[in-house]
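Only one structure is covered here, and it is reproduced in the block below.
The values are calculated or read from the model by the stated rules, or taken from the named source; none is laboratory data. Since the structure is predicted, the reported quantities are computational estimates derived from the model, not experimental observations. Ideal geometry is used to build each Cβ from the backbone, glycine not excepted, and the neighbour counts take in all protein chains shown. For the accessible areas, the whole protein counts, side chains as well, though only heavy atoms, and no ligand, DNA or RNA atoms are used. Shrake-Rupley method; radii C 1.70, N 1.55, O 1.52, S 1.80 Å.
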Amino acid sequence: MLIPQSLAYALLAGLPAEVGLYASILPLVAYAFFGTSRTLAVGPVAVASLMTAAAVSRVAATGSIGYLEAAVVLAALSGLILVVLGLLRLGFLANFLSHPVITGFITASGLLIALSQLGQLLGLPGGGHNLPEMLKRLAENIGQINVPTLVIGASVLLFLLWVRSGLKPLLVNSGISKKTASLIARTGPIWAVVASTLAVALLQLDEAGVKTLGHIPAGLPSLAMPSLDAQLWITLAGSALLISVVGFVESISVAQTLAAKRRQSIDPDQELLGLGAANLGAAFSGGYPVTGGFARSVVNFDAGAQTPAAGLFTAIGIALATLFLTPLLRLLPVATLAATIIVAVLSLVDFGQIGRTWNYSRSDFVALAATILVTLFQGVELGILTGVSLSILLFLYRTSRPHTAVVGLVPGTEHFRNVERHKVITSEHLISVRVDASLYFANARFLENCLASKVVANPQVTDLVLVCTAINDIDASALESLEAINHRLQEAGVRFHLSEVKGPVMDKLQRTAFLDELTGEIFLTQYQAVAKLAPEILTHP
(Lines give C-alpha, C1' and ligand atoms only; values in the text may rest on other atoms or scores of the structure.)
Protein backbone atom coordinates (compact mmCIF):
# COMPACT_ATOMS: atom_id res chain seq x y z
CA MET A 1 0.00 0.00 0.00
CA LEU A 2 2.82 2.38 0.87
CA ILE A 3 4.62 2.04 -2.46
CA PRO A 4 1.88 3.51 -4.70
CA GLN A 5 0.99 6.11 -2.07
CA SER A 6 4.61 7.20 -1.68
CA LEU A 7 5.02 7.58 -5.42
CA ALA A 8 1.74 9.48 -5.73
CA TYR A 9 2.35 11.87 -2.85
CA ALA A 10 5.84 12.69 -4.10
CA LEU A 11 4.33 13.75 -7.42
CA LEU A 12 1.73 15.77 -5.52
CA ALA A 13 4.58 17.58 -3.76
CA GLY A 14 6.11 18.36 -7.17
CA LEU A 15 9.03 15.99 -6.56
CA PRO A 16 10.41 13.00 -8.49
CA ALA A 17 8.49 9.80 -7.67
CA GLU A 18 11.50 8.08 -6.10
CA VAL A 19 11.69 10.80 -3.41
CA GLY A 20 8.45 9.37 -2.01
CA LEU A 21 10.16 6.00 -1.62
CA TYR A 22 13.20 7.62 0.01
CA ALA A 23 10.88 9.35 2.49
CA SER A 24 9.45 5.96 3.45
CA ILE A 25 12.63 4.16 4.52
CA LEU A 26 14.83 5.94 7.06
CA PRO A 27 11.92 7.92 8.62
CA LEU A 28 10.17 4.64 9.48
CA VAL A 29 13.35 3.35 11.11
CA ALA A 30 13.85 6.55 13.11
CA TYR A 31 10.24 6.62 14.34
CA ALA A 32 10.47 2.96 15.42
CA PHE A 33 13.22 3.91 17.87
CA PHE A 34 11.79 7.17 19.22
CA GLY A 35 7.98 7.03 18.79
CA THR A 36 5.50 5.66 21.33
CA SER A 37 2.72 4.38 19.07
CA ARG A 38 2.86 0.68 18.26
CA THR A 39 0.84 1.00 15.07
CA LEU A 40 1.42 4.49 13.63
CA ALA A 41 2.77 4.29 10.07
CA VAL A 42 4.96 7.28 9.23
CA GLY A 43 5.59 8.48 5.70
CA PRO A 44 4.47 10.94 3.02
CA VAL A 45 0.85 12.09 3.42
CA ALA A 46 -1.48 14.14 1.23
CA VAL A 47 -1.80 17.32 3.28
CA ALA A 48 1.92 17.58 4.10
CA SER A 49 2.72 16.99 0.41
CA LEU A 50 0.39 19.80 -0.63
CA MET A 51 1.90 22.13 1.98
CA THR A 52 5.40 21.15 0.83
CA ALA A 53 4.55 22.05 -2.76
CA ALA A 54 3.09 25.39 -1.67
CA ALA A 55 6.16 26.27 0.40
CA VAL A 56 8.93 25.06 -1.91
CA SER A 57 7.42 26.49 -5.11
CA ARG A 58 8.01 29.98 -3.71
CA VAL A 59 11.77 29.52 -3.63
CA ALA A 60 12.48 27.25 -6.63
CA ALA A 61 10.99 26.11 -9.92
CA THR A 62 9.24 22.74 -9.91
CA GLY A 63 11.52 20.04 -11.29
CA SER A 64 14.74 21.93 -10.62
CA ILE A 65 17.60 20.79 -8.40
CA GLY A 66 16.88 23.74 -6.15
CA TYR A 67 13.30 22.51 -5.68
CA LEU A 68 14.44 19.15 -4.30
CA GLU A 69 17.09 20.88 -2.22
CA ALA A 70 14.45 23.13 -0.66
CA ALA A 71 12.17 20.16 0.07
CA VAL A 72 15.03 18.42 1.90
CA VAL A 73 15.72 21.58 3.92
CA LEU A 74 12.02 21.78 4.75
CA ALA A 75 12.18 18.24 6.17
CA ALA A 76 15.26 19.13 8.21
CA LEU A 77 13.61 22.26 9.59
CA SER A 78 10.44 20.35 10.47
CA GLY A 79 12.50 17.71 12.21
CA LEU A 80 14.44 20.24 14.26
CA ILE A 81 11.28 22.14 15.21
CA LEU A 82 9.54 18.96 16.34
CA VAL A 83 12.56 17.81 18.35
CA VAL A 84 12.86 21.18 20.10
CA LEU A 85 9.14 21.19 20.90
CA GLY A 86 9.47 17.67 22.28
CA LEU A 87 12.50 18.48 24.44
CA LEU A 88 10.68 21.52 25.83
CA ARG A 89 7.54 19.37 26.34
CA LEU A 90 5.42 21.75 24.31
CA GLY A 91 3.05 19.21 22.82
CA PHE A 92 0.16 21.15 24.29
CA LEU A 93 0.72 23.89 21.68
CA ALA A 94 -1.12 21.73 19.19
CA ASN A 95 -4.26 22.42 21.22
CA PHE A 96 -4.35 25.90 19.68
CA LEU A 97 -5.54 24.23 16.49
CA SER A 98 -9.22 23.80 17.26
CA HIS A 99 -11.14 20.86 15.81
CA PRO A 100 -13.31 23.06 13.53
CA VAL A 101 -10.17 24.73 12.14
CA ILE A 102 -8.47 21.39 11.51
CA THR A 103 -11.64 20.02 9.91
CA GLY A 104 -12.01 23.07 7.70
CA PHE A 105 -8.35 23.02 6.71
CA ILE A 106 -8.29 19.31 5.87
CA THR A 107 -11.59 19.52 3.98
CA ALA A 108 -10.37 22.43 1.87
CA SER A 109 -6.97 20.78 1.38
CA GLY A 110 -8.70 17.57 0.27
CA LEU A 111 -10.67 19.49 -2.34
CA LEU A 112 -7.53 21.25 -3.59
CA ILE A 113 -5.61 17.98 -3.75
CA ALA A 114 -8.40 16.24 -5.67
CA LEU A 115 -8.68 19.17 -8.08
CA SER A 116 -4.91 19.30 -8.56
CA GLN A 117 -5.00 15.65 -9.71
CA LEU A 118 -7.89 16.13 -12.10
CA GLY A 119 -5.53 17.37 -14.79
CA GLN A 120 -3.39 14.24 -14.52
CA LEU A 121 -6.55 12.16 -14.71
CA LEU A 122 -7.51 13.85 -17.99
CA GLY A 123 -4.01 14.02 -19.43
CA LEU A 124 -3.89 17.80 -19.07
CA PRO A 125 -1.14 20.02 -17.68
CA GLY A 126 -2.17 21.24 -14.25
CA GLY A 127 -0.79 23.73 -11.79
CA GLY A 128 -1.71 26.38 -9.28
CA HIS A 129 -1.90 26.50 -5.50
CA ASN A 130 -5.48 27.65 -5.00
CA LEU A 131 -8.91 27.06 -6.48
CA PRO A 132 -8.98 29.94 -9.02
CA GLU A 133 -5.50 29.11 -10.35
CA MET A 134 -6.31 25.42 -10.74
CA LEU A 135 -9.65 26.04 -12.45
CA LYS A 136 -8.04 28.55 -14.78
CA ARG A 137 -5.33 26.10 -15.85
CA LEU A 138 -7.86 23.34 -16.46
CA ALA A 139 -10.12 25.65 -18.46
CA GLU A 140 -7.20 26.81 -20.62
CA ASN A 141 -6.24 23.24 -21.56
CA ILE A 142 -9.61 21.49 -21.56
CA GLY A 143 -9.43 20.91 -25.33
CA GLN A 144 -6.27 18.80 -24.96
CA ILE A 145 -7.83 15.85 -23.10
CA ASN A 146 -5.98 12.61 -23.84
CA VAL A 147 -8.64 9.92 -24.28
CA PRO A 148 -6.47 6.87 -23.36
CA THR A 149 -5.35 8.68 -20.22
CA LEU A 150 -8.95 9.53 -19.37
CA VAL A 151 -9.99 5.89 -19.84
CA ILE A 152 -7.22 4.63 -17.58
CA GLY A 153 -7.78 7.31 -14.94
CA ALA A 154 -11.56 6.92 -14.87
CA SER A 155 -11.32 3.11 -14.79
CA VAL A 156 -8.87 3.14 -11.89
CA LEU A 157 -10.94 5.75 -10.05
CA LEU A 158 -14.15 3.72 -10.36
CA PHE A 159 -12.32 0.52 -9.43
CA LEU A 160 -10.83 2.04 -6.29
CA LEU A 161 -14.18 3.51 -5.26
CA TRP A 162 -15.81 0.12 -5.72
CA VAL A 163 -13.02 -1.59 -3.78
CA ARG A 164 -13.62 0.77 -0.87
CA SER A 165 -17.37 0.26 -0.69
CA GLY A 166 -18.24 -2.97 -2.48
CA LEU A 167 -15.39 -5.45 -2.30
CA LYS A 168 -15.35 -6.02 1.45
CA PRO A 169 -19.09 -6.94 1.70
CA LEU A 170 -18.65 -9.23 -1.31
CA LEU A 171 -15.73 -11.03 0.32
CA VAL A 172 -17.53 -11.32 3.66
CA ASN A 173 -20.59 -12.79 1.96
CA SER A 174 -18.34 -15.37 0.31
CA GLY A 175 -17.19 -16.60 3.73
CA ILE A 176 -13.99 -14.62 4.30
CA SER A 177 -13.53 -13.07 7.75
CA LYS A 178 -14.13 -9.33 8.10
CA LYS A 179 -10.52 -8.69 9.08
CA THR A 180 -9.10 -10.55 6.10
CA ALA A 181 -11.66 -8.97 3.77
CA SER A 182 -10.71 -5.52 5.02
CA LEU A 183 -7.02 -6.16 4.39
CA ILE A 184 -7.68 -7.52 0.90
CA ALA A 185 -9.86 -4.51 0.09
CA ARG A 186 -7.07 -2.15 1.11
CA THR A 187 -4.74 -3.72 -1.46
CA GLY A 188 -6.85 -2.20 -4.23
CA PRO A 189 -4.21 0.39 -5.21
CA ILE A 190 -1.68 -2.39 -5.79
CA TRP A 191 -3.97 -4.20 -8.24
CA ALA A 192 -4.72 -0.89 -9.96
CA VAL A 193 -0.97 -0.25 -10.39
CA VAL A 194 -0.36 -3.74 -11.78
CA ALA A 195 -3.33 -3.71 -14.16
CA SER A 196 -2.77 -0.21 -15.53
CA THR A 197 0.96 -0.81 -15.99
CA LEU A 198 0.28 -4.02 -17.92
CA ALA A 199 -2.32 -2.21 -20.05
CA VAL A 200 0.21 0.46 -21.02
CA ALA A 201 2.87 -2.16 -21.79
CA LEU A 202 0.64 -4.44 -23.84
CA LEU A 203 -1.20 -1.71 -25.74
CA GLN A 204 1.81 0.62 -26.00
CA LEU A 205 -0.33 3.43 -24.63
CA ASP A 206 2.72 5.50 -23.75
CA GLU A 207 3.11 6.09 -27.49
CA ALA A 208 -0.51 7.32 -27.57
CA GLY A 209 0.25 10.15 -25.15
CA VAL A 210 -0.35 8.39 -21.83
CA LYS A 211 2.07 9.95 -19.35
CA THR A 212 4.01 7.40 -17.30
CA LEU A 213 6.50 7.63 -14.46
CA GLY A 214 9.39 6.90 -16.78
CA HIS A 215 12.80 5.95 -15.49
CA ILE A 216 13.05 5.69 -11.71
CA PRO A 217 16.59 5.31 -10.36
CA ALA A 218 17.16 1.99 -8.62
CA GLY A 219 19.07 1.82 -5.38
CA LEU A 220 18.89 3.12 -1.87
CA PRO A 221 19.08 6.84 -1.17
CA SER A 222 22.51 8.14 -0.35
CA LEU A 223 23.00 9.86 2.98
CA ALA A 224 23.86 13.54 2.66
CA MET A 225 23.67 16.77 4.60
CA PRO A 226 20.86 19.15 3.68
CA SER A 227 21.88 22.47 2.16
CA LEU A 228 23.27 24.92 4.70
CA ASP A 229 22.10 28.01 2.80
CA ALA A 230 21.08 30.29 5.70
CA GLN A 231 18.73 32.40 3.57
CA LEU A 232 16.89 29.29 2.37
CA TRP A 233 16.45 28.08 5.97
CA ILE A 234 15.10 31.46 7.06
CA THR A 235 12.69 31.64 4.12
CA LEU A 236 11.26 28.17 4.81
CA ALA A 237 11.14 28.45 8.61
CA GLY A 238 7.52 29.66 8.82
CA SER A 239 6.26 26.98 6.43
CA ALA A 240 8.21 24.33 8.32
CA LEU A 241 6.56 25.39 11.58
CA LEU A 242 3.08 25.10 10.04
CA ILE A 243 3.85 21.71 8.49
CA SER A 244 5.26 20.50 11.82
CA VAL A 245 2.23 21.54 13.85
CA VAL A 246 -0.37 20.32 11.34
CA GLY A 247 1.52 17.06 10.87
CA PHE A 248 1.80 16.53 14.61
CA VAL A 249 -1.92 17.14 15.15
CA GLU A 250 -2.82 14.70 12.37
CA SER A 251 -0.35 12.12 13.64
CA ILE A 252 -1.25 12.31 17.33
CA SER A 253 -4.96 12.06 16.49
CA VAL A 254 -4.40 8.83 14.55
CA ALA A 255 -2.03 7.41 17.18
CA GLN A 256 -4.37 8.10 20.09
CA THR A 257 -7.40 6.72 18.24
CA LEU A 258 -5.67 3.43 17.49
CA ALA A 259 -4.04 3.20 20.92
CA ALA A 260 -7.41 3.61 22.64
CA LYS A 261 -8.72 0.52 20.86
CA ARG A 262 -6.07 -1.57 22.63
CA ARG A 263 -6.09 0.41 25.89
CA GLN A 264 -2.57 1.67 25.24
CA SER A 265 -1.20 5.14 25.93
CA ILE A 266 0.57 7.73 23.80
CA ASP A 267 3.06 10.30 25.10
CA PRO A 268 2.53 13.48 23.03
CA ASP A 269 5.92 14.96 23.93
CA GLN A 270 7.72 11.75 23.01
CA GLU A 271 5.69 11.66 19.79
CA LEU A 272 7.17 15.05 18.95
CA LEU A 273 10.63 13.52 19.30
CA GLY A 274 9.62 10.50 17.22
CA LEU A 275 8.21 12.59 14.39
CA GLY A 276 11.18 14.94 14.63
CA ALA A 277 13.58 12.04 14.26
CA ALA A 278 11.55 10.74 11.30
CA ASN A 279 11.75 14.09 9.51
CA LEU A 280 15.47 14.38 10.18
CA GLY A 281 15.81 10.88 8.75
CA ALA A 282 13.94 12.05 5.67
CA ALA A 283 16.20 15.09 5.36
CA PHE A 284 19.44 13.10 5.53
CA SER A 285 18.19 10.53 3.01
CA GLY A 286 16.90 12.87 0.32
CA GLY A 287 13.22 12.85 1.35
CA TYR A 288 10.71 15.52 2.30
CA PRO A 289 8.43 16.18 5.34
CA VAL A 290 6.58 13.13 6.68
CA THR A 291 4.05 12.40 9.38
CA GLY A 292 1.69 9.65 10.53
CA GLY A 293 -0.89 8.65 7.91
CA PHE A 294 -4.41 7.52 8.79
CA ALA A 295 -5.00 4.95 6.04
CA ARG A 296 -1.60 3.27 6.38
CA SER A 297 -1.82 3.22 10.17
CA VAL A 298 -5.25 1.55 10.04
CA VAL A 299 -3.86 -1.11 7.70
CA ASN A 300 -0.92 -1.58 10.07
CA PHE A 301 -3.35 -1.93 12.99
CA ASP A 302 -5.66 -4.36 11.17
CA ALA A 303 -2.69 -6.45 10.06
CA GLY A 304 -1.87 -7.05 13.73
CA ALA A 305 1.12 -4.81 14.35
CA GLN A 306 2.02 -5.04 18.04
CA THR A 307 5.29 -3.11 18.26
CA PRO A 308 7.13 -0.37 16.34
CA ALA A 309 9.16 -3.18 14.74
CA ALA A 310 6.35 -3.35 12.17
CA GLY A 311 7.69 -0.05 10.86
CA LEU A 312 11.17 -1.53 10.54
CA PHE A 313 9.87 -4.42 8.43
CA THR A 314 7.92 -1.96 6.28
CA ALA A 315 11.09 0.08 5.76
CA ILE A 316 12.90 -3.08 4.69
CA GLY A 317 10.12 -3.82 2.21
CA ILE A 318 10.30 -0.31 0.74
CA ALA A 319 14.10 -0.56 0.55
CA LEU A 320 13.86 -3.85 -1.38
CA ALA A 321 11.30 -2.29 -3.71
CA THR A 322 13.63 0.65 -4.30
CA LEU A 323 16.46 -1.73 -5.11
CA PHE A 324 14.68 -4.22 -7.36
CA LEU A 325 11.18 -3.09 -8.41
CA THR A 326 11.71 0.41 -9.80
CA PRO A 327 12.33 -0.83 -13.39
CA LEU A 328 8.83 -2.35 -13.32
CA LEU A 329 7.31 1.05 -12.53
CA ARG A 330 8.61 2.74 -15.68
CA LEU A 331 5.30 2.31 -17.51
CA LEU A 332 3.06 3.06 -14.52
CA PRO A 333 0.53 5.70 -15.70
CA VAL A 334 0.58 8.94 -13.73
CA ALA A 335 -3.23 8.90 -14.06
CA THR A 336 -3.30 5.78 -11.86
CA LEU A 337 -1.47 7.58 -9.10
CA ALA A 338 -3.75 10.61 -9.54
CA ALA A 339 -6.80 8.37 -9.09
CA THR A 340 -5.18 6.84 -6.01
CA ILE A 341 -4.70 10.29 -4.49
CA ILE A 342 -8.24 11.42 -5.30
CA VAL A 343 -9.80 8.37 -3.65
CA ALA A 344 -7.51 8.72 -0.62
CA VAL A 345 -8.29 12.40 -0.02
CA LEU A 346 -12.03 12.13 -0.57
CA SER A 347 -12.23 10.53 2.86
CA LEU A 348 -10.70 13.72 4.30
CA VAL A 349 -13.56 15.89 3.03
CA ASP A 350 -16.21 16.25 5.74
CA PHE A 351 -19.05 18.50 4.61
CA GLY A 352 -21.28 17.12 7.37
CA GLN A 353 -19.10 18.79 10.00
CA ILE A 354 -19.94 22.17 8.48
CA GLY A 355 -23.65 21.73 9.21
CA ARG A 356 -23.05 20.24 12.65
CA THR A 357 -20.78 23.14 13.60
CA TRP A 358 -23.34 25.68 12.34
CA ASN A 359 -26.04 24.12 14.50
CA TYR A 360 -23.87 23.98 17.59
CA SER A 361 -21.68 27.10 17.60
CA ARG A 362 -21.83 30.08 15.27
CA SER A 363 -18.42 31.36 16.34
CA ASP A 364 -16.76 28.00 15.63
CA PHE A 365 -18.58 27.94 12.29
CA VAL A 366 -17.05 31.32 11.43
CA ALA A 367 -13.55 29.93 12.07
CA LEU A 368 -14.30 26.76 10.09
CA ALA A 369 -15.84 28.59 7.13
CA ALA A 370 -13.05 31.18 7.03
CA THR A 371 -10.43 28.43 7.07
CA ILE A 372 -12.11 26.64 4.15
CA LEU A 373 -12.60 29.76 2.05
CA VAL A 374 -9.12 31.21 2.62
CA THR A 375 -7.47 27.83 2.01
CA LEU A 376 -9.39 27.36 -1.24
CA PHE A 377 -8.89 30.86 -2.60
CA GLN A 378 -5.57 31.97 -1.10
CA GLY A 379 -3.63 28.79 -0.33
CA VAL A 380 -2.99 26.30 2.45
CA GLU A 381 -0.60 28.33 4.63
CA LEU A 382 -2.74 31.45 4.79
CA GLY A 383 -5.77 29.23 5.37
CA ILE A 384 -4.40 27.56 8.48
CA LEU A 385 -3.05 30.87 9.82
CA THR A 386 -6.47 32.47 9.32
CA GLY A 387 -8.19 29.64 11.13
CA VAL A 388 -5.84 29.70 14.10
CA SER A 389 -5.96 33.50 14.38
CA LEU A 390 -9.76 33.57 14.21
CA SER A 391 -10.05 30.78 16.79
CA ILE A 392 -7.89 32.69 19.26
CA LEU A 393 -9.70 35.99 18.63
CA LEU A 394 -13.12 34.36 18.99
CA PHE A 395 -11.99 32.67 22.19
CA LEU A 396 -10.84 35.98 23.60
CA TYR A 397 -14.13 37.59 22.59
CA ARG A 398 -16.25 34.84 24.17
CA THR A 399 -14.29 34.81 27.40
CA SER A 400 -14.21 38.61 27.56
CA ARG A 401 -17.98 38.52 28.06
CA PRO A 402 -18.54 35.47 30.29
CA HIS A 403 -21.96 34.29 31.32
CA THR A 404 -23.06 35.76 34.64
CA ALA A 405 -26.13 34.94 36.67
CA VAL A 406 -27.84 36.26 39.78
CA VAL A 407 -28.60 33.13 41.79
CA GLY A 408 -31.14 32.29 44.47
CA LEU A 409 -31.92 29.34 46.73
CA VAL A 410 -33.97 26.48 45.30
CA PRO A 411 -36.74 25.88 47.92
CA GLY A 412 -36.14 22.88 50.16
CA THR A 413 -32.50 22.43 49.06
CA GLU A 414 -29.03 23.91 49.54
CA HIS A 415 -28.64 24.51 45.82
CA PHE A 416 -28.50 27.89 44.10
CA ARG A 417 -29.64 28.49 40.54
CA ASN A 418 -30.14 31.31 38.03
CA VAL A 419 -33.12 33.48 39.01
CA GLU A 420 -34.09 33.74 35.33
CA ARG A 421 -34.25 29.98 34.82
CA HIS A 422 -35.65 28.62 38.10
CA LYS A 423 -38.14 29.48 40.78
CA VAL A 424 -35.83 30.48 43.61
CA ILE A 425 -35.82 32.51 46.84
CA THR A 426 -33.84 35.77 47.03
CA SER A 427 -33.40 38.68 49.44
CA GLU A 428 -33.83 42.38 48.73
CA HIS A 429 -30.61 43.36 50.52
CA LEU A 430 -28.41 40.51 49.20
CA ILE A 431 -27.26 39.84 45.62
CA SER A 432 -25.36 36.67 44.78
CA VAL A 433 -23.65 36.77 41.37
CA ARG A 434 -22.07 33.71 39.77
CA VAL A 435 -19.45 34.23 37.03
CA ASP A 436 -19.01 31.18 34.80
CA ALA A 437 -15.40 31.72 33.74
CA SER A 438 -11.94 32.32 35.08
CA LEU A 439 -11.06 35.98 35.58
CA TYR A 440 -8.26 37.46 33.47
CA PHE A 441 -7.28 40.65 31.68
CA ALA A 442 -9.83 40.28 28.89
CA ASN A 443 -12.90 40.08 31.15
CA ALA A 444 -11.73 41.99 34.23
CA ARG A 445 -13.34 45.28 33.18
CA PHE A 446 -16.51 43.42 32.16
CA LEU A 447 -16.80 42.05 35.71
CA GLU A 448 -16.44 45.54 37.17
CA ASN A 449 -19.21 46.90 34.97
CA CYS A 450 -21.44 43.89 35.57
CA LEU A 451 -21.34 44.08 39.37
CA ALA A 452 -21.68 47.87 39.33
CA SER A 453 -24.83 47.61 37.20
CA LYS A 454 -26.32 45.05 39.61
CA VAL A 455 -25.84 47.40 42.55
CA VAL A 456 -27.17 50.44 40.68
CA ALA A 457 -30.30 48.50 39.71
CA ASN A 458 -30.90 47.43 43.34
CA PRO A 459 -30.31 50.46 45.64
CA GLN A 460 -31.53 48.56 48.72
CA VAL A 461 -28.63 46.07 48.52
CA THR A 462 -26.22 45.99 51.46
CA ASP A 463 -24.24 42.82 50.62
CA LEU A 464 -22.93 41.37 47.35
CA VAL A 465 -21.53 37.83 47.10
CA LEU A 466 -19.35 36.78 44.18
CA VAL A 467 -19.94 33.03 43.78
CA CYS A 468 -16.61 31.62 42.59
CA THR A 469 -17.70 28.09 41.71
CA ALA A 470 -16.54 28.35 38.09
CA ILE A 471 -13.50 30.57 38.67
CA ASN A 472 -10.37 28.46 38.20
CA ASP A 473 -7.86 31.30 38.06
CA ILE A 474 -7.52 35.02 38.71
CA ASP A 475 -4.69 36.87 36.98
CA ALA A 476 -3.07 40.14 38.05
CA SER A 477 -5.42 42.31 35.98
CA ALA A 478 -8.47 40.60 37.44
CA LEU A 479 -7.03 40.99 40.95
CA GLU A 480 -6.80 44.74 40.43
CA SER A 481 -10.42 44.72 39.26
CA LEU A 482 -11.49 42.85 42.39
CA GLU A 483 -9.67 45.44 44.50
CA ALA A 484 -11.43 48.24 42.58
CA ILE A 485 -14.80 46.52 43.00
CA ASN A 486 -14.21 46.15 46.71
CA HIS A 487 -13.31 49.85 47.03
CA ARG A 488 -16.28 51.09 44.99
CA LEU A 489 -18.77 48.90 46.81
CA GLN A 490 -17.39 50.13 50.12
CA GLU A 491 -17.99 53.71 49.05
CA ALA A 492 -21.55 52.74 48.10
CA GLY A 493 -22.14 51.14 51.50
CA VAL A 494 -22.14 47.59 50.18
CA ARG A 495 -20.00 44.83 51.65
CA PHE A 496 -18.20 42.56 49.16
CA HIS A 497 -18.05 38.81 49.90
CA LEU A 498 -16.67 35.71 48.16
CA SER A 499 -18.03 32.17 48.36
CA GLU A 500 -16.87 28.72 47.18
CA VAL A 501 -13.37 29.90 46.28
CA LYS A 502 -11.26 27.02 44.94
CA GLY A 503 -8.07 26.05 46.76
CA PRO A 504 -5.51 27.09 44.09
CA VAL A 505 -7.29 30.42 43.65
CA MET A 506 -7.35 31.01 47.42
CA ASP A 507 -3.63 30.20 47.59
CA LYS A 508 -2.91 33.02 45.15
CA LEU A 509 -5.23 35.48 46.91
CA GLN A 510 -3.58 34.78 50.26
CA ARG A 511 -0.30 36.04 48.85
CA THR A 512 -1.84 39.48 48.32
CA ALA A 513 -3.26 42.28 50.47
CA PHE A 514 -6.70 41.88 48.89
CA LEU A 515 -8.07 39.60 51.60
CA ASP A 516 -6.99 42.03 54.34
CA GLU A 517 -8.82 44.88 52.61
CA LEU A 518 -11.94 42.87 51.75
CA THR A 519 -14.95 44.51 53.38
CA GLY A 520 -16.88 41.27 53.64
CA GLU A 521 -16.09 37.63 54.33
CA ILE A 522 -15.08 34.48 52.48
CA PHE A 523 -17.55 31.61 52.82
CA LEU A 524 -16.84 27.96 52.18
CA THR A 525 -20.26 27.48 50.58
CA GLN A 526 -22.91 29.78 49.19
CA TYR A 527 -25.42 28.25 51.62
CA GLN A 528 -23.26 29.40 54.56
CA ALA A 529 -23.10 32.89 53.04
CA VAL A 530 -26.89 33.11 52.80
CA ALA A 531 -27.35 31.63 56.26
CA LYS A 532 -25.33 34.48 57.76
CA LEU A 533 -26.17 37.38 55.47
CA ALA A 534 -29.85 36.69 54.75
CA PRO A 535 -31.15 34.03 57.15
CA GLU A 536 -34.75 34.94 56.30
CA ILE A 537 -34.27 33.12 52.98
CA LEU A 538 -33.85 29.81 54.80
CA THR A 539 -37.12 30.24 56.68
CA HIS A 540 -39.06 31.40 53.64
CA PRO A 541 -42.25 29.34 53.36
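Picking from A218, M51, I102, whose Cα lies most toward the positive end of the charge dipole for the chain (charges on Cβ: Lys, Arg +1; Asp, Glu -1)?
Final value for the positive-end residue is A218.
In Å and whole numbers, how far do the C-alpha atoms of the range 385-496 stretch along each principal axis, longest first?
51, 34, 22
Of (i) 31.8; (ii) 43.5; (iii) 33.3, which one was derived for mean projected area of the Cα convex hull in nm² from the structure shown?
Label of the calculated value: (i).
For the range 73-119, report the convex hull volume of the alpha-carbon atoms normalised per residue, in Å³, without decimals.
Considering the Cα atoms of the range 73-119, their hull volume per residue is 74 Å³.
Might you report the magnitude of the Cβ-based charge dipole of the chain about its Cα centre, with Lys and Arg at +1 and Asp and Glu at -1, to the nearest 20 debye? Mind dumping the intermediate values first?
On the way: 32 positive and 32 negative charges, 301 e Å.
Result for the chain is approximately 1440 debye, rounded to the nearest 20.
Give the peptides 207-214, 42-49 in descending order of average Cβ contacts within 10 Å, highest first.
Details: 207-214: 16.1, 42-49: 29.1.
My ranking of the peptides, most packed first, is 42-49, 207-214.
For the range 242-296, take N as its residue count and report Rg(C-alpha) divided by 2.2 N^0.38 Å.
It is 1.16.
Computing the accessible area with a 1.4 Å probe over protein heavy atoms, can you report the carbon and sulfur percentage for the chain?
63 percent
Only Cα pairs under 8 Å and at least 6 apart count here; give the relative contact order of the chain as a rounded whole percent. Let's see the in-between values first.
Details: 968 pairs, mean separation 121.2, N = 541.
Taking the mean separation of contacting Cα pairs over the length of the chain, I get 22 percent.
How large is Rg/Rh for the range 117-160, to two decimals, with Cα atoms and a Kirkwood Rh?
Dividing the radius of gyration by the Kirkwood radius yields 1.02.
Residue separation times 0.36 nm, minus the C-alpha to C-alpha distance between S347 and S265: what's the value?
Difference between extended and current length: 26.9 nm.
Read phi for every residue in the range 328-338 and hand back ³J(HN,Hα) as whole Hz from Karplus 6.51 cos²θ - 1.76 cosθ + 1.60, θ = phi - 60°, with x for Gly and Pro.
Per residue, the Karplus-derived 3J(HN,Hα) values read 6, 8, 4, 9, 5, x, 5, 4, 5, 5, 4 Hz.
Can you list the HN-Hα couplings for the range 182-197, worked out from phi with the Karplus curve (6.51, -1.76, 1.60; θ = phi - 60°), rounded to whole Hz and with x for Gly and Pro?
5, 5, 5, 4, 6, 8, x, x, 5, 5, 5, 5, 5, 5, 5, 5
Quick one: Cα convex hull volume of the range 232-350, Å³ per residue?
159 Å³
Using mean Cβ contacts within 10 Å as the protection proxy, how do 16-23, 51-58, 411-418, 314-321 order, highest first?
16-23, 51-58, 314-321, 411-418
For the range 124-212, give the magnitude of the charge dipole about the Cα centre (Cβ charges: +1 Lys/Arg, -1 Asp/Glu; no others), in debye to the nearest 20.
So the magnitude is around 560 debye.
In terms of modelled amide H atoms, which long-range or inter-chain residues lie less than 5 Å from the amide H of T212?
Result for T212 returns V334.
Which order, highest average first, do 510-516, 256-262 follow once you tally other Cβ atoms within 10 Å for each residue and take the mean per peptide?
So the order, starting with the most tightly packed, is 256-262, 510-516.
Taking the range 1-150 as the region of interest, what is the percent of Cα-Cα pairs per 5 angstrom bin, listed from the shortest bin to the one with the maximum distance?
Each 5 Å bin holds this share of Cα pairs: 2, 8, 14, 18, 21, 17, 11, 5, 3, 2, 0.
How much accessible area per residue does the chain have, counting only protein heavy atoms and a probe of 1.4 Å, in square angstrom?
Details: 24660 Å² over 541 residues.
Each residue of the chain exposes 46 Å² on average to a 1.4 Å probe.
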